[in-house]
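Working notes, beginning with the structure itself.
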Amino acid sequence: MNLFKDIYKILATPELRNYLLEGFKNTLAVTLIAAGIGLVLGFTVAIVKIFAMDNRKLKPFAVIGNIYTTVIRGTPITLQLFIMVFAILAIPGFKVTAVILTFGINSGAYVSENIRAGILSVDKGQMEAGRSLGLSKYKTMTKIIMPQAIKNVIPAIGNEFIALLKETAIVSIVGSTVGTLTFDLNQATSTINKTIANYLAPAVLAAGLYLGIVYGITLLIKKFEKRLRASDRN
Amino acid sequence: MKKIVNLLIVLIGLLGVTSCKSETIIVYTEAGFAPFEYVSNGKIVGVDIDIMNKVGEKLGKKIKFENVSFDVIIDAVGEGKLANIGAAGISITPERLAKVDFSKVYYQANLYVIYDVKNENALKHLMSDGNYGVYWSSLATEKGIAVQTGTTADFFLADEVAEGGLLEGTKVNFFSSLDTAVSDIGLNSDFVIIDELPAKKLVEGKANLRCLPLYYQGENGEPDELSFDEYAICVTKGHQDLLAAINEVLDELLQEDENGVNGIQALVNKHLGLN
Amino acid sequence: MIEIKNLTKKFDDKEILSGINLTVKQGEKVVIIGSSGSGKSTLLRCINQLEIPTSGEVWFGNYLLTDVDPYLHEEIIKTSKTFQKLINKNSLDESQAIEAIQAQKLLKHQEGKEFKKAVKAYQEKYHIGIDQARQKIGMCFQHFNLFNNLTVMDNLILAPVELKMMTKEEAVSKASELLKRIGLYDKKDAYPSKLSGGQKQRIAIVRSLCMNPSVMLFDEPTSALDPEMVGEVLELMKELATMGMTMVVVTHEMRFAKEIANRIIFMDEGKILEEGTPQEIFNNPKNPRTKDFLSKVL
């Protein structure tokens, strides 16, 4: 079959194979860095919102947090990319930074809502018990609520990162440059397509690589969950 | 009641299928390449659209245009399941020929470079054929050169940035759409390379952008050569009836009128607003 | 030990508690009974400020746990502009003015600098941080609320160690001793999810005891337990009572109330309708609603 012939051709030709590997490496790198940014940002925003619930002084920060999550979750990521790359960070040489930041900021909004939901889903009685013993809200949060919240949050965050991985495929709309992190797996597919006039073959290979990363993430998540659920086993 | 509804659905489905099968031909295009295909008032229009509509008339069938990503046109038409014709200013390459049939060439376009006017002095040069243009070699730049993936400009540039090429080592920025590629000038790209007509359309109304044809510098007194691109329409292999009809229409259009302008050029002029 | 003065609690516009006055002396065992919706749990939770009263004051020893309620302090009322107005413009004498203000809740949001200063001074003199107070007020919940992510031992030592009341070794030693006394030392490394309800509740009580509280509050401690486990929890509570712990208990277990209470409080629709010794309440209830309630539960 033509498809298998072409797939073989791609794997056998160093130039084409390298495009694929380069794209794979870049997609992975962008996803991981953006995920890291998203985690930190999301966690911060979630905590601010939670603590602002009984602390009036934090209210302005919570409002900023709300604007952030609403706007980012309410607009398409393609628009966010355009605005970041061609307006806000429209400085020559900053494209890679702008792209990674966009994905990180986007991810952060979703992660923050996941974390907030996870924290709020911990039974109210846990906080009450902690406070009744004289522990401060902060201590109760860190020693009792958070550890339990993480268990609730891990699956949702895992899903968010899987979504993030696939979202990075749109980076070519703001321009993808070989040799930089913007040359992602999807663009590699396009580039290989140019050379061998076959879109399906590189697409199948790329899909396999994406799948591989998703599988890897899913495994990691499962492992992490298993360890945390040691205290639940009945 | 349920039986009647089911019967109705089947009937409507049959109607749809049969009417689709016999009456409508689907043509894949990428509507970001003025004046050959572009969007105006929400509809897909252009030279390729006009050509294909004539083919439809000849065959007595309706033509339906679908806007897809340029990358997938060759594959889809090659497979032949979703579309049998692709009209998108496509150029013939050996790899593409292996998958689809091509009509005759109906247009030859020169490759142009779009640049910021403040670089004009360094770029503009009087060529041996008496026209102004830009040498490929002048495009060596710190920033990158932007192209739309899969266009002839992309292919030409790929050769030149490779080892031994005129622009060895220059960065290439790939874009899926030309408009965005142009926004990148001054940012991460210094130039956009694309065919003449889209280039002229893209710089329209932008005070800071100009475009000029690209030339290969003639060595030792040889004339400077333009780089050009040739368009054809692709058809699924084995559809001789479609291919014949398309070639017939193209033949008719390629007849020159009393002013030496052929039908295709007339369409081009029409879509450029030059009539 | 605990004094509740004119406590009112409103949720939106609904008044859950109206003008509650209650004193609990050291060593007393006070049991609060009443039908659901009577406000008894809310009252208990107002003691350690898990619910914040709308007005009134809660005192723990010489310390004020709530905000200052100006209506309860004549000296503070006297510094208010409203008071001045009543004296000067409406020609009331001092005691009349104070009465009027208290009865009709005449104090507004802004009562002048003097007023503000007086309130602040009082607050600073008597108010204590709630976290600090709660170290000495133990609470036992209907749903136990053991920390699910910690072992039994960690549950017990978390607060004493984090709050620097004991070193880890001291805390472990005390916790072990208490666990042995209730026969659950072998569960010290187990997670709460592996324990039965009765075990959880007894451990919850012990968790509070590890803090050496001066008073223990119990919010329907046996209501969520299977009948066969109720007994073991009540036994532990009886033991506590015998050891002299001050206890305030909200419960439906009448037999238990009869056995350990010094004082029974009957609540209905946010008010205390009747108070007395178990003898008085159970054998000789005066209020018709008390009689009605008791006839249904006994």
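Tabulated data
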read-out	value
Length-normalised contact order of segment C:166-234 in % [C-alpha pairs under 8 Å, at least 6 apart]	34
Per-residue mean of C-beta atoms belonging to partner chains within 10 Å, peptide A:208-221	0
Local electrostatic count, B:Tyr28, Cβ distance below 14 Å [Lys/Arg +1, Asp/Glu -1]	-3
Neighbouring partner chain Cβ atoms per residue of B:176-187, average, 10 Å criterion	4
GNM flexibility winner over chain A from A:Thr44, A:Thr69, A:Thr195 (Cα, springs under 10 Å)	A:Thr195
Lysines whose Cα lies under 21 Å from that of A:Lys49, excluding same-chain neighbours fewer than 8 positions away	A:Lys57, A:Lys59, A:Lys124, A:Lys137, A:Lys139, A:Lys143, A:Lys151
Label-point separation in nm, C:Ser173 to B:Phe155, each point 7 Å along Cα→Cβ	8.7
Mean Cβ neighbour count within 10 Å, used as a protection proxy, ranking A:125-134, B:53-62 highest first	A:125-134, B:53-62
Among A:Tyr199, A:Tyr215, A:Tyr138: highest mean-square fluctuation, GNM of chain A, C-alpha pairs under 10 Å	A:Tyr138
Neighbour-count order for B:Ile25, B:Ile92, C:Ile20, fewest beta carbons within 10 angstrom listed first	B:Ile92, B:Ile25, C:Ile20
Members of B:Lys54/B:Lys171; A:Lys95/B:Lys201; A:Lys166/B:Lys54; B:Lys104/B:Lys171; C:Lys29/C:Lys125; B:Lys43/B:Lys200 lying beyond 32 Å, as alpha-carbon distances in this model show	B:Lys54/B:Lys171; A:Lys166/B:Lys54; B:Lys104/B:Lys171
Inter-part distance where segment C:205-269 and segment B:228-275 are each reduced to a Cα centre, Å	95
Two-decimal log10 I(q)/I(0) for chain B, as the Debye equation yields it once each C-alpha is a single scatterer, q = 0.07, 0.11 Å⁻¹	-0.30, -0.68
Average partner coverage of A:162-172, which counts Cβ from other chains inside 10 Å	1
For chain C, convex hull volume per residue from C-alpha positions, Å³	153
Relative packing of peptides C:23-31, B:191-199 - highest average C-beta neighbours within 10 Å first	B:191-199, C:23-31
Relative contact order, percent, chain B [alpha-carbon distance under 8 Å, six or more residues apart]	25
Choice from A:Asn152, A:Asn106, A:Asn198 with maximal GNM fluctuation in chain A (Cα, 10 Å cutoff)	A:Asn198
Inter-centroid distance (Cα atoms) of segment C:64-122 relative to segment C:8-51, Å	26
With Cα atoms, 0 to 90° folded angle of helix A:95-120 axis to chain A main axis	40
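Throughout, read-outs are computed from the coordinates displayed, never taken from laboratory work. This one's a predicted model, so the numbers in the text were calculated from it and none came from an experiment. Neighbour counts are summed over all protein chains in view; Cβ atoms, including those assigned to glycine, are modelled from backbone coordinates with ideal geometry.
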